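I have placed the structure first, in the form of structure tokens, so that the comments after it can refer back to it.
The values are calculated or read from the model by the stated rules, or taken from the named source; none is laboratory data. Computed from a prediction, not measured in an experiment: that's the story for all the values here. In this analysis, Cβ positions are derived from the backbone assuming ideal geometry, glycine residues included, and neighbour counts consider all displayed protein chains. The accessibility values were calculated without ligands, DNA or RNA, using every heavy atom of the protein model including side chains. Shrake-Rupley method; radii C 1.70, N 1.55, O 1.52, S 1.80 Å.
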Amino acid sequence: MDYQAVLEEIYAEIQPELGRGKVADYIPALSKVDPQQFAFSIITEKGEAYHVGDAQKNFSIQSISKLFTFTLALDIYSKSLYERVGVEPSGTPFNSLVQLEYEHGKPRNPFINAGALVITDSLISHYQDDYKAFEKIIGFIRDIADDQSISFDPEVSTSEMENGYRNLSLAHLMKSFDNLDNDPRTVVQTYFKQCAMSMSTEKLSRAMLYLANGGTDPLTGKKYITPPQTRRINAVMLTCGHYDASGEFAFHVGLPGKSGVGGGIVAVVPGKMGISVWSPALNKYGNSHAGTLALQKFVEKSGLSIF
Ligand code: GLN
């Protein structure tokens, strides 16, 4: 298939949709981002890469980082991780508090904020220090993207910390239920730093290859997790990766995918390729409006869906 031609077609068709929606202005540093931007990258397991738009422009990966910390924690804790966080879709927005109270401080899944906070807490405990844990998170992201220059944007994490009332509430609520080992503020701070990782669609699509290939990077041969663990991460991405719009994403796109409020989305075609798309204006669920549509078009044109 001529993937470059497919991407060019999508790029032309998506133009009228760019800027529709709203950038994540609840994080002041992200409210300044130009909503018209767009990029789409794919890379096959053989390393053939295709791009359109601003594919080298870095943006804030935000909740896409939850995928990477989930991988690290699953590798460390294996099944015992699920004693602290579930694998059911929540049907609620990513930063919702209500369900957490009803369910005694155990988050539904690792991709809503509460679940991601528990995962980050588990990494801080394992590495016995928040800085060390964050170094491991950055190191892992650099390895899977095969790019040692990747870093985070302290302006974004500081800006989020200054306005992080909801995430602090989630962390304190979980602490009250004994589902957080470390100081809530330290956990939230580390979580905001992982969210502030700066990457392009080119780097993110590359970072998805281990999930397309049973946990082993097909280009470097590095083994990160086992095939069963990879299947589980992909399953949770499919069922929970887009919060209360996960059903709709599975329905229209039909690929394991994870979104972030920076406007990025990553997706995987198991056995074939890593995908990443970016456009900062978000729909009402906090997922990229044009990005979601572009992925839908990609699946329609390429026939690459897991269904
Ligand atoms: N850092 C953001 C938050 O915690 C991440 C949310 C997201 O990308 N959906 O609110």
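Quick notes on this one:
- Net length gained if the chain between Gln36 and His172 were fully extended (0.36 nm per residue, minus Cα distance): 45.3 nm
- When peptides 213-221, 35-43 are sorted by average Cβ neighbour count within 10 Å, with the highest value leading, the order is 35-43, 213-221.
- Between the beta carbons of Glu103 and Thr158, assuming R0 = 51 Å, the FRET efficiency works out to 0.95 to the nearest 0.05.
- Rolling a 1.4 Å probe over the protein heavy atoms gives region 226-265 an accessible area of 30 Å² per residue.
- Accessible surface, region 101-200, averaged per residue in Å² (probe 1.4 Å): 42 Å²
- Normalised contact order of the chain, rounded percent, pairs of Cα under 8 Å and 6 or more residues apart: 28 percent
- Overall, the chain carries a charge dipole of about 440 debye about its Cα centre when +1 sits on the Cβ of Lys and Arg and -1 on the Cβ of Asp and Glu, all other atoms neutral.
- Heavy-atom surface analysis with a 1.4 Å probe gives region 218-307 a carbon and sulfur content of 56 percent of its accessible area.
- Kirkwood Rh in Å, taken over region 137-287 so that all alpha-carbon pairs contribute: 16.7 Å
- Peptides 193-206, 155-168 ranked from most to least packed by the mean count of surrounding Cβ atoms within 10 Å: 193-206, 155-168.
- Average projection area in nm² (convex hull over Cα atoms of region 102-218, one quarter of hull surface): 7.9 nm²
- Per-selection Kirkwood Rh - region 2-45 (Cα, Å, 1 d.p.): 12.4 Å
- Shape box of region 1-154 [Cα atoms, principal axes, largest first, Å]: 48, 35, 33
- Extension gain, Thr226 back to Asp183 (0.36 nm per residue minus Cα-Cα distance, nm): 12.3 nm
- Alpha-carbon Debye profile of region 247-307, log10 I(q)/I(0) at 0.12, 0.27 Å⁻¹: -0.24, -1.18
- The helix-based estimate of mean residue ellipticity at 222 nm for the chain, built from -39,500 (n - 2.57) per DSSP H run of four or more residues and divided by its residue count, is -13500 deg cm²/dmol to the nearest 500.
- With each label modelled as a point 7 angstrom along the Cα→C-beta vector, the Lys46-Lys272 pair spans 1.5 nm.
- Close Lys pairs in region 91-225, defined as Cα atoms under 28 Å apart and 8 or more places apart or on different chains, number 20.
- Value of Rg to Rh for region 41-124 (Rh from inverse mean 1/r over Cα pairs, i.e. Kirkwood): 1.09
- With all pairs of separate Cα atoms included, the chain yields a Kirkwood hydrodynamic radius of 18.9 Å.
- Proximal aspartates and glutamates relative to Lys272, as straight alpha-carbon distance under 14 Å, when same-chain residues fewer than 8 apart are discounted: Glu45, Glu48, Asp217
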